[in-house]
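Following: one structure in structure tokens, then a few remarks.
Read-outs throughout are calculated quantities, based only on the coordinates presented, and are distinct from any laboratory measurement. All values reported here derive from a predicted model rather than from experimental measurement. Note that each Cβ is placed from the backbone with ideal geometry, even for glycine, and that neighbours are counted across all protein chains shown.
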Amino acid sequence: MNEALTAKVKKIIFVVIAAVVFAVILFPPVVLFLTSIKTELDALSFPPKWVFQPTLENYKHIFQFSPFMKYLLNSLTVASLNTGAVLVLGSLAAYSLARFRFKGADNIAFWILSVRMMPPVAAIIPIYIIMRNLRLLDTPWSLVITYLTFNLPFAVWMMRSFFREIPREIEESALVDGCSDFGAFWNVALPLVAPGLVATGILTFIFSWNEFLFALILTGSKAVTLPVGITGFMKETGINWGYMTAGGVLALIPVVIFTISVQKHLVKGLTMGALK
Amino acid sequence: MHLWKRVGLFFCSLRRRYIWFFFLAPTLVALISIVVFPLVFSLSLSFHDWNIIRAKAWSWTGIANYRTILFEDPYFRSAFKVTLLYLVGTVSLQFGLGLLVALILHRITEKIIGFLRTALILPITMTPVIVGMIWRLMYNPDLGMLNYFLTWFRLSPVNWTGMPLTALPSVMMADIWEWTPFVALILLAGLQALPQEPFEAALVDGASSWQTFRYVTLPLLSPVMLVALLIRVMDSFKTFDLIFVLTQGGPGMSTEILNYYTYRYGFKFFHLGYASALSWLLLVVVTIISIVLVRIIRSKGISVGGAR
């Protein structure tokens, strides 16, 4: 009887702690959202106002009076093109590493992983100089290419673990009537890992969408992406919190939708296929 | 038709041996041209003195850049210290709190977990610049939520990111908010994948819950923890966005980690030779740490990227 009671108390304590964790995680983004729908006067009041007349003025303003639309389109272009390139190159390489037996396969895989771990600041100086000489600075192409440095290794590892999960026999049956390895890849293996391919693509897209350091250095005005554009609302003269938070909320919407849609594969994605 | 068949047969024989290479080559070519080549380029640059805004050619200086950094540059030493503090402080707290959250979530019912898991995921994939922005709003001395909470306890407002003493802990707190969920999520997945038998055996043997945790859960979970540790340590060296938005490395140099210091040397002062040398030192440190961690992980027989 007593034991059942302590178990129950324990459970209640756990639920309370879980609720606190939940609140701590969600509170800051909620503040972001609330600030974005306040008038400037309400946003600047202290103590903060919890009851106020919501307004969409900030959202209207950033579309009308700032190049927000341009940032949005740039981010979309860069992330889509990069994701396309990463999926084509990455799934081919991953299939090779997962399926064919050759000397050094493991070493190549770990070398590719080490590229992912490299601090981007180590490569940014030469990449900046190279892009400058190729006259690609401030174009989406510079980012589409540069984002391969971290997204390609990610996709290779993620897709490799998906390919490893399909039983080898299925592809071998496809190989019997000819010797088309590419056919086995294209017609048999790839359709089987389609959900994995989608998950990899979505995460790649999010990583491109979120990237800041390369975009800050390689773009100046024409090709500015959302994260860089949003920090532009921070000026020496002060921050307009309304515009900045409205931009932030808009930039987060696709991220949140995509994240929830790949929940199932997220642990695998975050550990590059090491854990399920 | 005839020709095609012969070409086909030729490729067929080649294929058996070298097909792996045709699949892998595009990726290798891409990575070599956008990673290896630039790194070799910056290694060479690091032995030169070159300022991009003065139209002067590279001038060879040998190891002078490295010597200055290691023996004469007090800012480098400060940045190195801040990097270590930041790394140890954030990662250890993320693991402590993350383990706690994972253990608690593991004990409560599936339904709540599903909901909480979704919440846990948000900070991880959220755009880091926006995380920084949110915390800048929270820390704002005049209208921020944190100072509002302080008024509840009749405490005087704090200039969180504006004072050398509180700036670093403030950035670290934002980092901990952002990445504790990551650790918790991975450890939770690890806990849920553990076999049940060892726990039943411990129960039969009458082990206390602390003993079960210490001698059964922790050892079984350690491979997963190592993978999470590797990823967190590597990412910690890359922290840039949070610092850029919250403090820009200041006040003074109190939040300037090596990563940020290198960026500033390269793209604020345009000393690209010196900055290249800095970036290579950072690369060497990161590589050594990652090799050690990957060795440990592989020696424990975890098939990283395996079919587990």
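Per-structure values
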read-out	value
The range A:1-154: C-alpha gyration tensor shape, a/c 1.5 cut-off, then a/b vs b/c	oblate
Karplus (6.51, -1.76, 1.60) ³J(HN,Hα), θ = phi - 60°, over the range A:50-65, in Hz, Gly and Pro reported as x	9, 10, 7, 7, x, 9, 9, 3, 4, 5, 4, 4, 5, 6, 7, 10
Span from the the range B:54-116 Cα centroid across to the the range B:229-245 one, whole angstrom	5 Å
Rg over Rh, two decimals, chain A (C-alpha only, Kirkwood Rh)	1.08
Flagged links, alpha-carbon separation over 20 Å, of A:Lys8/A:Lys264; A:Lys70/A:Lys222; B:Lys56/B:Lys268; A:Lys38/A:Lys60; A:Lys222/B:Lys238; A:Lys38/A:Lys222	A:Lys8/A:Lys264; A:Lys222/B:Lys238; A:Lys38/A:Lys222
Cα-Cα pairs of the range B:192-308 separated by more than 22 Å (percent)	56 percent
For the range B:192-223 versus the range A:40-83, the gap between their alpha-carbon centres in whole angstrom	50 Å
Relative contact order [Cα under 8 Å, 6+ residues apart], chain B, whole percent	28 percent
Compactness of the range A:222-276 - radius of gyration and Dmax, Cα, Å	15.9, 48
Between helix A:2-36 and chain A: long-axis angle, C-alpha atoms, 0 to 90°, nearest 10	70 degrees
GNM result for chain B, Cα springs below 10 Å: residue of B:Val82, B:Val171, B:Val294 fluctuating most strongly	B:Val294
Dimensionless Rg/Rh of the range B:57-153 - Kirkwood Rh, Rg from C-alpha atoms	1.18
Helix-only CD estimate at 222 nm, as mean residue ellipticity for chain A, using -39500 (n - 2.57) per DSSP H run (n ≥ 4)	-23000 deg cm²/dmol
Positive-end residue, chain A charge dipole about Cα centroid, Cβ charges, pick of A:Asn151, A:Thr271, A:Val9	A:Val9
Shape parameters for the range A:1-49, alpha-carbon atoms, Rg then Dmax in Å	18.7, 59
For B:Gly250, residues with placed amide H under 5 Å, excluding near neighbours	B:Thr255
Placed amide H near B:His48: partners under 5 Å, 5+ positions off or other chain	B:Thr61
Binned Cα-Cα distances of chain B, short to long, each 10 Å bin given as a whole percent	5, 18, 24, 22, 16, 9, 3, 1, 0, 0
Those GluC sites (Glu not before Pro) in the range A:172-276 that DSSP places in a loop and that have at most 11 other beta carbons within 10 Å	A:Glu236
Gaussian network model of chain B, springs between alpha carbon atoms under 10 Å - residue of B:Val29, B:Val158, B:Val227 with greatest fluctuation	B:Val29
Protection-proxy order for peptides A:58-70, A:88-100, B:248-260, each taking the mean of Cβ atoms within 10 Å per residue, highest first	A:88-100, B:248-260, A:58-70
For the protein assembly as shown, Kirkwood radius (reciprocal of mean inverse C-alpha pair distance, Å)	25.9 Å
Unit charges on C-beta of K, R, D, E only; dipole of chain B, Debye	1120 debye
Three-way shape call for the range A:167-246 based on the alpha-carbon gyration tensor, with the a/c threshold at 1.5	prolate
Within a Gaussian network of chain B (alpha carbon springs, distance under 10 Å), most fluctuating of B:Ile108, B:Ile121, B:Ile243	B:Ile108
Most positive-pole-ward Cα, B:Val29, B:Gly206, B:Val82, against dipole of chain B from beta carbon charges	B:Val29
Shielding by other protein chains, B:145-158, mean Cβ within 10 Å	1
Hz values of 3J(HN,Hα) by residue in the range B:152-162 - Karplus curve (6.51, -1.76, 1.60), Gly and Pro given as x	4, 9, 6, 9, 7, x, 10, 8, 3, 8, x
Descending Cα extents along the principal axes, the range B:129-236, whole Å	58, 33, 21
In order through the range A:79-91: 3J(HN,Hα) via Karplus (6.51 cos²θ - 1.76 cosθ + 1.60), integer Hz, x for Gly, Pro	5, 5, 4, 4, 4, x, 4, 5, 5, 5, 5, x, 6
Relative packing of peptides B:129-137, A:160-168 - highest average C-beta neighbours within 10 Å first	B:129-137, A:160-168
Fully extended contour minus Cα-Cα distance, from B:Arg298 to B:Arg17, at 0.36 nm per residue	98.3 nm
